[in-house]
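Only one structure is covered here, and it is reproduced in the block below.
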Amino acid sequence: MSAPVTFSTFTTASGHSFGHAVLNNPAALNALTLPMIDLLDPQLKSWAEDDSIAGVVLSAAGDKAFCAGGDVVSLHHASKRVETGVVPPEAEAFFEREYRLDYRIHTYPKPILCWAHGIVMGGGVGLMVGASHRVVSPNARIAMPEIHIGLYPDVAGTWFLHRMPARTGLFLALTGAIINAGDALIGNWADAAVPHDQFAAVLKAVAQTNWTGQFNPDKAVLSELLKQFEVEAPIGLLHTHAEEIDAVMNQKSLADIDQSLRELQQSKVTWLANAAQAYAHGSPTSAALSFELMNRHAGADLADVLRLEYQASIGCCVHPDFPEGVRALLVDKDKSPKWNPANLNAVTAATIVDLLKPRFEGKHPLNDLD
């Protein structure tokens with residue numbers, strides 16, 4: 001079997017090289033597994049320390065997807081192998097190493113060109129959004145749909161969603177709505193829209209360019225290079241429906257937002273109605289957890305965000321909604337999850353406190369993030 005992530009380098013006109021990492025499981029829409037993380041993170045570290053490497057390209061095999069999210073099915077099965085209330089060791093390993101990888105990308109000392117085509121969801125957004133140069137295809141379908149599986153927008157989602165215009169990030173967190181390339185550009189999830197069929201031409205242009213090996217000059221050069229290939233992105237859905245979204249989300253409490261979203265199910269705008277229906281079908285606990293984390297992370301440092309998200313994700317693994325949501329959507333695929341509790345008004349403050357409490361001994365597993 002071929003490796004789930006492949007690596008290569010190519011030489012540029014200045015004699016510097018670029019590293020090229022390719023997510024290589026197109027049959028699973030390049031869903032991010034722990035073995036993929038354990039290949040990708042040390043290679044990025046090695047390239048960061050190699051003076052001959054001027055930058056990195058991160059892309060994915062196949063035409064359908066960059067990355068459809070994390071491998072939550074494996075976590076579901078792991079939760080079934082331990083007693084109720086016990087954290088699966090696979091979950092501890094997955095979330096710690098995934099968040100380390102995301103942090104490395106956010107803080108990488110060299111330009112990273114992330115080529116995100118097609119489906120980009122959950123953990124795939126986490127890989128994309130931290131790169132210095134985020135390219136999305138005009139037909140990209142992008143979402144943070146964790147509320148549908150009893151999780152929440154992790155991979156620093158509660159940090160970058162909060163930084164979107166108005167309360168559109170909270171709207172996406174609560175509904176898991178699919179957005180387009182135009183939304184990604186406006187929301188600062190992406191920097192350029194380029195057709196996927198131009199990927200080879202972009203790589204050729206990178207190879208024909210002189211690089212300095214210095215981050216800031218090379219970052220500027222790569223930005224100019226991408227402008228040659230940019231096309232107009234589709235009009236953002238969030239922008240088109242900004243007034244309706246603001247009317248729903250500009251409420252004093254989550255309970256009020258809940259009521260407004262339920263009323264929005266009657267909207268004549270199909271995208272808005274579908275988003276509201278998705279919220280109503282999602283986990284009430286996930287909604288409350290997302291709301292709490294986004295409020296906490298208003299001005300938080302990225303490392304602190306990932307540390308608290310680690311605690312939240314581990315907490316979700318011992319809460320019934322996460323394994324149940326994965327079962328209903330991705331394992332049995334009956335799409336009929338039995339959330340516990342079933343209603344938002346039954347989610348107590350004590351439940352959120354329990355989800356967020358540390359479940360480790362000694363120092364935080366991500367204590368060393370700067």
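Placing a pseudo-label 7 Å from each Cα along the Cα-to-Cβ vector at E244 and A3 gives an inter-label distance of 4.7 nm. Placing +1 on the Cβ of every Lys and Arg and -1 on the Cβ of every Asp and Glu, with nothing else charged, gives the chain a dipole about its Cα centre of roughly 340 debye. Given a Förster distance of 30 Å, report the FRET efficiency between D256 and D304 from their Cβ-Cβ distance, rounded to the nearest 0.05. Efficiency, from the Cβ-Cβ distance: 0.55. Considering only E243, E263, E292, the mean-square fluctuation computed in a Gaussian network model of the chain, springs between alpha carbons under 10 angstrom, is largest for E243.
Tell me, rounded to the nearest percent, the portion of alpha carbon pairs in segment 145-221 spaced more than 21 Å apart. Within segment 145-221, distances greater than 21 Å cover 48 percent of Cα pairs. Using the rule -39500 (n - 2.57) for each DSSP H run of four or more residues, divided by the residues of the chain, the 222 nm mean residue ellipticity is -13500 deg cm²/dmol. Along the axis of the charge dipole computed for the chain (Cβ charges of +1 for Lys and Arg, -1 for Asp and Glu, origin at the Cα centre), the listed residues A276, L366, P217 are led at the positive end by A276. Partners of K333 within straight-line reach, counting lysines whose Cα lies under 19 Å from its Cα and excluding those fewer than 8 residues away in the same chain: K80. Evaluated on the chain, the Kirkwood hydrodynamic radius is 21.0 Å, with distances taken between all distinct Cα atoms.
Under a point-charge model restricted to the Cβ atoms of Lys and Arg (+1) and Asp and Glu (-1), what is the dipole moment magnitude of segment 10-123 relative to its Cα centre, in debye to the nearest 20?
Charge dipole of segment 10-123: 200 debye, to the nearest 20.
Efficiency by 1/(1 + (r/R0)^6): what FRET value for R81 and E263, r their Cβ-Cβ distance, R0 = 30 Å, to the nearest 0.05? Taking R0 as 30 Å, the efficiency between R81 and E263 is 0.10. Ignoring lysines fewer than eight residues from K219 along the same chain, the ones with Cα atoms less than 21 angstrom from its Cα are K45, K110, K204, K227. Helix 89-106 axis versus longest C-alpha principal axis of the chain: approximately 50°, rounded to the nearest ten.
Loop-only trypsin sites (Lys or Arg not before Pro) in segment 275-335, please: DSSP not H, G, I, E or B, and at most 15 other Cβ atoms within 10 Å. Here the trypsin sites (Lys or Arg not before Pro) that fit, given the DSSP loop and packing criteria, are K333, K335.
Here r is the Cβ-Cβ distance between A166 and A349 and R0 is 25 Å; the resulting FRET efficiency, rounded to 0.05, is 0.40.
Per the Debye formula on identical point scatterers at the alpha carbon atoms of segment 14-172, with no solvent, log10 I(q)/I(0) at q = 0.14 Å⁻¹ is -0.72. Spin-label model, T107 to D197: label points 7 Å out along the Cα-to-beta-carbon direction sit 4.2 nm apart. Between the DSSP loop rule and a limit of at most 16 other Cβ atoms within 10 Å, which chymotrypsin sites (Phe, Trp or Tyr not before Pro) in segment 226-318 are left? Here the chymotrypsin sites (Phe, Trp or Tyr not before Pro) that fit, given the DSSP loop and packing criteria, are F229.
For the chain, DSSP calls about 30 percent of its internal beta bridges antiparallel. Over all directions, the projected convex hull of the C-alpha atoms in segment 283-370 averages 6.5 nm² in area.
Can you tell me the relative contact order of the chain? Whole percent, Cα pairs under 8 Å, sequence separation 6 or more. Over the chain, the number comes to 18 percent. Projecting the Cα positions of N188, F229, F95 onto the charge dipole of the chain (unit charges on Cβ atoms of Lys, Arg, Asp and Glu, taken about the Cα centre) puts F229 furthest along the positive direction. The convex hull drawn around the Cα atoms of segment 210-327, when projected onto a plane and averaged over every direction, covers 11.8 nm². Under a Gaussian network description of the chain, with springs only between Cα atoms under 10 Å, the residue in I119, I352, I314 that fluctuates furthest is I352.
Using a simple spin-label model with pseudo-atoms 7 Å out from Cα toward Cβ, T270 and D334 lie 3.0 nm apart. How large, in percent, is the carbon and sulfur part of the accessible surface of the chain at a probe radius of 1.4 Å? Its accessible area is 51 percent carbon and sulfur atoms. The length gained by stretching the chain between A280 and Q43 to full extension, at 0.36 nm per residue less their Cα-Cα distance, is 81.2 nm.
The values are calculated or read from the model by the stated rules, or taken from the named source; none is laboratory data. Just so we're clear, the structure is a prediction, and the values are computed from it rather than from any experiment. Here Cβ is always computed from backbone atoms with ideal geometry, including for glycine, and neighbour counts include all displayed protein chains. For accessibility, only protein heavy atoms count, side chains too; no ligands or nucleic acids. Shrake-Rupley method; radii C 1.70, N 1.55, O 1.52, S 1.80 Å.
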